[in-house]
Every structure is written in C-alpha cells, then in structure tokens.
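Presented below is the structure to which this report refers.
Every read-out reported here was derived from the displayed coordinates using simple, explicitly stated rules and does not represent laboratory data. What you see is a predicted model, and the numbers here were worked out from it, not measured in a lab. Every residue, glycine as well, gets a Cβ built from its backbone with ideal geometry; the counts of neighbours run over all protein chains shown.
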C-alpha cells in the first residue's frame with residue numbers, strides 16, 4: 001500500500017518522527033506562551049535557556065556524576081533560578097512599556113549567554129549519551145523507533161498537559177490569570193502578584209531547560225542549539241496565537257508532523273514550510289489559530 | 001629539532017639570496033625601504049563565533065602568531081602584525097572587511113578562513129586590489145578552477161581532493177552503491193557532485209541523494225530515507241554541526257548497522273566531539289594530521305599548550321601559509337605582492353604542514369593528502385590520538401588535473 005507514491009511504512013515512520021520533533025516545538029512554545037500570556041514579555045532568551053538546560057545536564061554528568069533523571073529535575077531548578085534573577089533585576093522594569101523593549105532585552109541576554117558558553121566550551125559541542133534504561137530500539141513493524149525518542153514524546157505530552165492543567169484548572173492558575181488581567185485588584189485581595197509573576201518567569205525558564213535536557217541525548221549540545229530552534233518556535237507561537245496555551249501545544253505537535261511530511265515530499269522546503277504556514281495564517285487569522293482578537 | 005635546523009638553513013639561503021640579488025641588480029634602496037608602511041600586516045578573516053569557529057577561529061589566529069614568533073616577530077627590523085576579523089559566515093561582510101583592510105589598513109596578505117562563499121568573495125576583492133589572498137579554510141575547488149585568479153593561492157585542501165581521497169578508497173574497499181546526504185547549498189552541491197563523479201569512475205553507483213537545509217536540527221527523517229535506499233554507503237556531503245548530528249542520528253536509528261558512513265569533510269574537532277565509539281572505522285581525507293610524525297607532533301604540542309586543543313588541519317595550514325609568506329618577504333626583502341608571489345611560486349614549500357609542496361599556475365598549492373581511518377577506542381593511546389593514516393595520496397593524484405581544469409591561467 002502506498003500514500004502519494006510513498007510506501008505506507010515509510011509514511012508512518014515519518015509521521016512518528018514528525019511527532020518527536022513536534023514534542024520539542026510544543027514544550028518550547030508552551031513556555032513562550034505562558035511567559036507572554038502572563039507577563040507580556042516576548043522572551044527571545046528562550047532558546048538560550050533551552051541551551052543552558054542541556055549544558056547543565058552535560059556539566060552535571062561530567063563534573064558531578066549527576067545522571068539523566070536527576071538532571072531532568074536539577075536543570076529546570078537551576079535555570080529557573082537564573083530566570084528568577086533575570087526577572088527581578090531586569091525584566092520587572094519593562095512590564096509597563098512597549099513589548100519591543102522586552103524583546104530587545106531578552107535577545108541581548110540570549111546573545112550574552114551564547115557568547116559565554118561559546119567562550120567556555122567552544123562551538124563543536126558535547127556528547128551526552130542516552131540513559132541506560134532507555135537505550136536500544138523497538139521494532140514497531142513499520143519502523144525501528146529508538147526507545148528514547150518514544151520516551152520524549154510521552155514526557156513532553158505529560159509536561160505540556162500538566163502545565164495546561166495547572167494554569168487552566170487550578171486555583172493557582174486562576175490567580176495567575178486574574179493577576180495578569182488586573183494586578184491591582186488581585187493585589188488588593190492579598191495575593192502577592194510580583195512574586196507570582198517572578199515564579200511564572202522562573203517556571204517558563206524551567207520548562208525551556210527541561211526541553212534542553214530532553215534534547216541533550218539526541219542532538220549535539222552546542223551554544224548555538226537554541227538559536228537554531230528559537231525562530232521556528234516563535235513561528236509556532238505566532239501560528240498558534242500568542243498567549244494561547246493549548247494552542248501552542250497543539251500547533252507545536254501539528255507543525256512537527258507537517259515538517260516531517262515535507263522532509264519526505266520536498267526535503268529542500270523543510271526549513272521554510274513552517275514560515276509559509278505562518279504567513280498564510282497571519283493573512284487569514286492575524287491573531288493566530290487559537291488566539292483571541294482583541 | 002629538525003624544524004629549527006631546517007629553518008636556519010632556509011634563513012641562511014634566504015639571506016644569501018638577498019645578498020646575491022642586491023649585488024646583481026645593484027639595488028640602490030636598502031631592503032628595509034621596500035616594506036610598505038614599515039609593518040608587515042597579515043590578516044585573517046574567518047568564522048570567529050559561529051559553527052566553524054573551532055576548526056579555525058581564534059585558534060587559527062594563534063597559529064599565525066606562532067609563525068610570526070618563529071620568524072622573530074619582525075623581518076629586517078620591520079614588525080609583523082597579525083589582524084583578525086569575524087565574517088559571521090557572510091560573504092558580504094568578508095568582502096567589505098577585506099576591502100577596508102587593503103584600502104585603509106595596508107594589509108599586505110590576506111588569509112581566508114572557513115566557509116567557501118566568503119573565500120570566493122575575498123578572492124575577488126584581492127584580485128581587484130592586486131594583493132595576495134591565501135585561501136585556507138574554504139573548501140570549494142572553484143577557487144582554483146573556474147574562478148581562479150593570479151592573486152589567489154589555495155593552501156590546504158579542496159572538495160576535489162576530499163572526493164578523490166575518500167570516494168576512491170571506499171569504492172575500493174567494496175562500497176559500490178552510494179546514497180548522499182547533502183547540505184543544500186553551494187558547498188554541499190560541489191562536494192556531492194565531485195564525489196559522485198569519482199564513485200562512478202571507480203565503478204560504483206549512486207542510489208540517490210537527499211538534500212537537507214543548512215544547520216538542520218533533526219536528521220532522523222533524512223536518514224530513514226537513506227536507509228530505504230538499500231545502498232551500502234551513506235556519503236555525508238555536509239560539514240560541522242550538520243555532519244555531527246547526522247552521524248549521531250545514524251547511530252541511534254541503527255542506520256550504521258546496514259550502511260557504512262563516509263564523511264566527506266570531517267575535521268578532528270568533529271571526531272573529538274562525537275567520540276571514537278560512534279565514529280570508529282570511518283574513512284576520511286584531510287590535508288594534515290597532528291599525530292603523523294615527530295615534526296607535526298612537536299608543533300602541535302606547542303599549540304596545545306596555548307589552546308588546550310590539538311590543531312585542526314586548517315589551523316596548521318594557517319601557520320604554514322603565514323610562515324611561507326614571511327620567509328618569502330624575508331628572501332625578497334619586500335612585501336610587494338608580485339615579488340613575493342613570484343618567489344613563492346618558484347620555491348618548494350617545506351614545513352611541518354607540507355613537504356615538497358609547490359604552487360601551480362592555477363593557484364593550487366599541491367601537496368600530499370592523507371586518507372585516514374578513525375581508530376577504535378582501545379587503539380587510541382592518548383586524547384586526540386584518533387586516526388590511522390591508511391594512505392598518503394600524492395598531490396598530483398589528489399587535486400584537479402590539467403585536463404579537468406577550466407582555469408585560463410593553467411592552459
């Protein structure tokens with residue numbers, strides 16, 4: 001059986017690989033959406049935070065013998081703490097002025113972080129091996145899927161849905177959403193809004209770091225790994241609708257699939273297909289697929 | 001030790017030549033007066049911060065400084081100065097920086113670092129300004145073929161040499177059917193087509209090619225397509241981070257169980273970052289290897305002291321190009337481009353990078369290339385001890401032949 005001249009098996013394989021990449025897009029765009037939705041900051045440092053997550057995992061293993069599972073916990077905490085410091089010292093001054101300042105500041109921070117890591121570790125990159133328990137591959141009949149890639153899909157779905165649940169379905173999430181809607185009023189109810197905003201940025205940074213740890217075993221850890229990805233992730237967020245949490249998760253996964261298929265039918269276009277879709281979406285629905293017109 | 005005695009000999013000969021020349025032509029002006037601006041300025045424009053920064057970059061500048069220091073930091077009392085700039089892998093930045101340096105800084109010789117596109121752009125500027133341009137990091141064979149120039153010298157390697165070295169060796173070892181993974185830009189195209197020609201000429205077949213965008217983040221999809229081709233060899237017509245990520249994914253998806261990988265442009269830094277476990281048994285062609293003989297080792301250990309990494313072939317070639325240029329300046333007592341170039345073209349190049357090298361009319365510096373195989377982890381005796389030299393490819397066999405060349409300067 002063939003679909004568009006491609007054997008069904010190969011077709012299914014490519015779909016699955018698209019889903020793996022989509023998982024990373026979803027995790028990263030989710031963090032961006034949370035930060036933009038609650039803080040109004042276009043966080044260009046997201047790629048750098050993702051890169052730092054991967055480096056924490058690598059350094060942890062090399063210097064302190066920290067295994068992958070501990071890194072998965074430690075990296076988001078460490079990078080999240082960096083995020084908190086950045087928010088307290090720099091970002092908090094920018095909430096009341098135009099979004100463009102936040103964008104410029106975070107872009108500058110990303111360049112500085114990349115520069116520091118490049119100076120310390122070079123650009124060729126570091127190796128991080130797949131954890132023992134997830135090594136090997138499973139034959140699915142239509143393709144051989146490395147176990148680790150399967151794990152990435154599951155882990156990212158758990159992380160994404162968990163975040164969505166916290167923000168949309170819990171009391172804490174309700175405070176957060178109310179705090180961004182009308183901070184003065186929520187403050188009047190005795191809730192510490194600045195603290196909440198600070199923790200939100202920290203959590204967003206932590207999400208990026210967790211994606212970085214998950215990516216470490218499958219791609220080369222280099223200071224540039226974030227900037228290679230961040231532009232695509234921004235396109236994902238724009239397509240999904242700035243600030244829409246479920247939108248960014250679904251769009252991330254869907255675009256991973258579309259990109260995967262493009263790699264089969266017309267590989268040369270695989271790096272631009274996301275942007276073509278973005279242009280079309282912006283023409284038809286300027287607020288994005290899941291965004292609300294204001 | 002050998003190096004120093006050799007250098008002394010060269011100095012002595014050069015000194016003698018200068019005396020003889022002065023005597024013969026009764027040169028009125030002393031040699032010193034022929035150094036423009038009273039400094040010998042050599043520039044390097046390369047990728048200082050991007051994906052190719054480790055194979056050349058700041059360490060390449062250090063290698064050039066080592067050459068200057070070896071010449072005593074000055075020639076006939078005129079200081080040697082090394083300049084460097086980052087082209088960010090953009091041809092327009094490289095060209096405008098080169099122009100600025102020739103016009104306002106009085107740069108006498110320019111070395112082109114990594115990235116083919118920037119090298120082609122700098123070569124044009126140098127030709128216009130009639131200044132010597134030595135391409136080191138750029139791989140494209142066009143520099144000495146259809147885009148050759150009387151002012152361009154291509155020092156280290158090119159896509160033809162890489163293709164001939166690895167392509168022939170792999171076909172001879174039984175790898176008859178090939179599938180290519182190609183970076184979708186000028187360099188990938190050149191490397192793929194040069195290699196495909198070599199493979200077919202040697203009796204091999206091409207099962208297909210898949211093109212991927214530059215700096216792709218995920219290769220699994222392309223590798224699955226390659227695996228579907230049932231070819232024996234996966235030719236990697238890409239470089240740097242793309243090659244590394246492709247090799248990594250090939251291992252993860254078990255592609256290496258059914259296909260053998262042939263890296264067409266691999267530097268020792270790539271092997272270092274991938275590790276021997278992932279890369280063992282792979283063939284590659286390079287212009288130089290630090291652990292080849294006593295002389296290369298001695299120089300490399302000095303380099304290691306400063307950089308804490310072993311030198312890549314490009315860094316070694318940066319050193320060699322700078323050293324040979326300075327020796328030519330010393331011999332001619334001038335930094336006049338035409339005089340220095342004439343001297344370089346008539347002199348055999350002998351240093352720790354090349355033995356008996358010479359510059360052809362098309363600008364190609366012809367020297368031996370090395371076909372190497374990556375060691376298995378248990379055979380590697382120290383960090384950075386990664387290769388076995390399988391075959392020394394004579395310069396005449398490695399590079400573009402006269403029959404293949406379209407360069408008007410070599411007809």
Legend entry - In degrees, nearest ten, helix A:245-265 long axis to first principal axis of chain A (Cα): 30 degrees
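What shape does chain B have by the C-alpha gyration tensor, where a ≥ b ≥ c are the square roots of the eigenvalues, rounded means a/c under 1.5, and otherwise prolate means a/b greater than b/c and oblate the rest?
Prolate, because a/c is 1.5 or more and a/b exceeds b/c.
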Inset, instruction - Tell me the Kirkwood hydrodynamic radius of the stretch B:57-111 in angstroms, computed as one over the mean inverse distance between distinct C-alpha pairs. - result: 12.4 Å
Legend entry - Kirkwood-based shape ratio for the stretch A:2-66, expressed as Rg/Rh from alpha carbons: 1.21
Inset, instruction - Compute the Rg/Rh shape ratio of the stretch A:1-138: radius of gyration over Kirkwood radius, all on alpha-carbon atoms. - result: 1.07
Legend entry - For the stretch B:342-411: Kirkwood Rh in Å [reciprocal of mean 1/r, alpha carbons]: 14.4 Å
Legend entry - Largest-first principal axis extents of the Cα set of the stretch A:163-211 (Å): 36, 21, 14
Legend entry - Debye log10 I(q)/I(0) at q = 0.29 Å⁻¹ for the stretch A:205-258, Cα point scatterers: -1.20
Inset, instruction - Rounded to the nearest Å, what's the spacing between the alpha carbon centres of the stretch A:243-294 and the stretch B:157-214? Just the number, please. - result: 35 Å
Inset, instruction - Over the whole of A:19-26, what's the average partner chain Cβ count within 10 Å per residue? Rounded to a whole number, please. - result: 1
Inset, instruction - Residues in the stretch B:155-184, backbone N under 19 Å from the label point at residue B:401 (7 Å along the Cα-to-beta-carbon vector): list them, ranges by number please. - result: B:158-172
Inset, instruction - Report the dimensions of the stretch B:272-401 along its three principal axes from the alpha-carbon atoms, largest first, rounded to Å. - result: 51, 37, 22
Legend entry - Average Cα contact separation per residue, chain B, under 8 Å, 6 or more apart, as relative contact order %: 18 percent
Inset, instruction - Order by neighbour count: A:8, B:191, B:341, fewest other Cβ atoms within 10 Å first, most last. - result: A:8, B:341, B:191
Legend entry - Relative compactness, chain A, computed as alpha-carbon Rg over 2.2 N^0.38 Å: 1.01
Legend entry - Spatial extent of the protein assembly as shown: Rg and Dmax, with the Cα atoms as the point set, Å: 27.9, 99
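Counting only other chains, and only Cβ atoms inside 10 Å, what mean value do you get across the residues of A:216-223?
5
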Legend entry - Ranking of B:288, A:58 by count of other Cβ atoms within 10 Å, fewest first: A:58, B:288
Inset, instruction - May I ask you to derive the relative contact order of the stretch B:175-290, considering only C-alpha pairs under 8 Å and at least 6 residues apart, and to give it as an integer percent? - result: 27 percent
Inset, instruction - Could you work out the mean projected area of the convex hull around the alpha carbons of the stretch B:128-258, in square nanometres to one decimal? - result: 8.5 nm²
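Based only on Cα atoms, what Rg/Rh ratio does the stretch B:148-209 have, Rh being taken as Kirkwood's radius? It would help to have the intermediate numbers written out before the result.
Details: Rg = 13.0 Å, Rh = 12.4 Å.
Reported Rg/Rh (Cα atoms, Kirkwood Rh): 1.05.
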Legend entry - Number of partner chain Cβ atoms within 10 Å, mean per residue of A:121-133: 5
Inset, instruction - Using a/c under 1.5 as the rounded threshold, could you call the stretch A:96-188 rounded, prolate or oblate? The axes a ≥ b ≥ c are square roots of the C-alpha gyration tensor eigenvalues, and prolate needs a/b larger than b/c, oblate otherwise. - result: oblate
Legend entry - Packing-based exposure ordering (other Cβ within 10 Å, fewest first) of A:234, B:304: B:304, A:234
Inset, instruction - With a ≥ b ≥ c taken as the square roots of the eigenvalues of the C-alpha gyration tensor of the stretch B:209-307, please select rounded if a/c is under 1.5 and otherwise prolate if a/b is larger than b/c or oblate if it is not? - result: prolate
Inset, instruction - Relative to the longest principal axis of the C-alpha atoms of chain B, give the angle of the C-alpha long axis of helix B:91-100, reported between 0 and 90° and rounded to the nearest 10°. - result: 10 degrees
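Once you keep just the Cα pairs under 8 angstrom separated by 6 or more residues, what percentage relative contact order results for the stretch A:1-123?
Relative contact order, the stretch A:1-123: 29 percent.
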Inset, instruction - Could you state the angle between the C-alpha long axis of helix B:2-25 and the longest principal axis of the C-alpha atoms of chain B, as a value from 0 to 90 degrees rounded to the nearest 10? - result: 40 degrees
